[in-house]
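Okay, structure first, notes after.
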Amino acid sequence: MVTAPIRLLIAASGTGGHLFPAIALAQKLPEYEIEWLGVPNRLETQLVPKQYHLNTIAVEGFQQGFSISSLRILGKLIGSIFEVRRLLKQRKFQGVLTTGGYIAGPAVIAARSLGIPVVFHESNALPGKVTRFFGPWCSAVALGFEVAAKYLPRAKNVYVGTPVRSQFLDEGIDASLDLPIPNGVPLIIVFGGSQGAVGINKLVRQSAQAWFDTGAYVVHLTGDKDPEADSVKHPQYIVLPFYDNMAALLRRANLAISRSGAGSLTELAVCGTPAILIPYPFAAEDHQTYNAEVFTKAGAALAFKQSELTAEILQNQVLNLLRSPEDLAKMGEKAKAIAIPDSADKLAQLVRELMEN
């Protein structure tokens, strides 16, 4: 007798940090029928429909303090719970996976009200408020950083790491760079995650000339919201809003300057790329600082608060590292030691155990 495939709803929305791990997990479950739950006008509307059917709900996060708009948001939340509940029943989903954010609330409440198992993947070292509240409701909370377990004492925690896109796991996949960078020259890559980072961009532009003087090249991924992105012109400076082949770029780089979102850190670790980390100062509960601490304690990175970092400090820190290739190599090895390359497999196995038993 042929059994019908298990139907899984993935609730992941907003940024690459939420979406890329979920996509990596979905690709490890080819025998499942998978649909997506997202929000209109977010990144998932560009990435997901190419591979999975996308369902959307109108839900948004609560801001600090109570206001009239809070009532409107609460109304949307309640409505979205019933909407997701209808979707789960009509499409006969047997499980839900969420990667957090405000879409997780309706997904978890609706699923648990129907007795459907839920796996919650939390990629940050400091779990978000949504995870801390809903984690104990879930069948399991899959952790990107082992340290996160201490903030979730009542949840069923399983340490699996954070899944990365397949391009980061096979060094033979499109390993060459289509960028004019000579072999053997030091390469610095600057990126701010899927949203870009204007604060980092300014510091780098003020510092870069000293790095060029050493022979280093800089690939600067500015994002698409920096009005001064093209203000520096130099033959050793390559400025782009984004770059698709990040795996090859990180493997080639001698040093990265980056935010410390969980997704970016996972990619740095898998590629063994030493880094200077500048946590996003307005991240919820300063969670990027907690992420960065995992890497600095391991000796895989240096970290600086943006408010305390000047162009002179950044310039000199990079120069010191470029002059110490042995130190960079050690940092890269320690970054690689943090990585869990088979994270997507571990998460997929956890999903199977909970959905199929």
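Only the coordinates and a few stated rules stand behind these numbers; no lab work does. Because the structure is predicted, anything quoted here is derived from the model rather than measured. We place every Cβ from the backbone using ideal geometry, glycine too, and count neighbours over all the protein chains shown.
A full extension of the chain between E146 and F282 corresponds to an added length of 46.6 nm, given 0.36 nm per residue minus the alpha carbon distance. The length gained on full extension between K92 and V198, counted as 0.36 nm times the residue separation minus their Cα-Cα distance, comes to 33.7 nm.
Put in line by how crowded their Cβ is, counting other Cβ atoms within 10 Å and starting with the fewest, D345, D244 read D244, D345. On a 0 to 90 degree scale, rounded to 10, what angle separates helix 287-298 from the longest Cα axis of the chain? The angle comes out near 60 degrees. In the chain, Cα pairs under 8 Å separated by at least six residues give a relative contact order of 16 percent. Across L177, L347, L143, mean-square fluctuation computed from a Gaussian network of the chain (C-alpha pairs under 10 Å connected) peaks at L177. Extension gain, Q46 to D170, is 42.2 nm, computed as 0.36 nm per intervening residue step minus the present C-alpha separation.
In degrees, nearest 10, range 0 to 90: what is the angle between the Cα axis of helix 325-338 and the longest Cα principal axis of the chain? Result, in degrees: 10. Remark: the range 187-338 carries a charge dipole of roughly 280 debye about the Cα centre, counting +1 on each Lys and Arg Cβ and -1 on each Asp and Glu Cβ.
Straight-line reach from K156: taking Cα to Cα under 20 Å and skipping same-chain neighbours fewer than 8 places apart, the lysines in range are K129, K346. GNM on the chain, alpha-carbon springs under 10 angstrom: the most fluctuating residue among S176, S139, S260 is S176.
Farthest toward the positive end of the dipole of the range 187-338, out of Q288, L302, I338, is the Cα of I338, where the dipole comes from beta carbon charges about the Cα centre. In the range 108-233, with Lys and Arg counted as +1 and Asp and Glu as -1 at Cβ, which of these residues, A197, S176, Q209, has the Cα nearest the positive end of the dipole, that is, farthest along it? Result: A197. In the chain, the longest principal axis of the Cα atoms and the axis of helix 104-113 are about 20 degrees apart.
When the Gaussian network model of the chain links Cα atoms closer than 10 Å, the mean-square fluctuations of H18, H234, H220 top out at H234.
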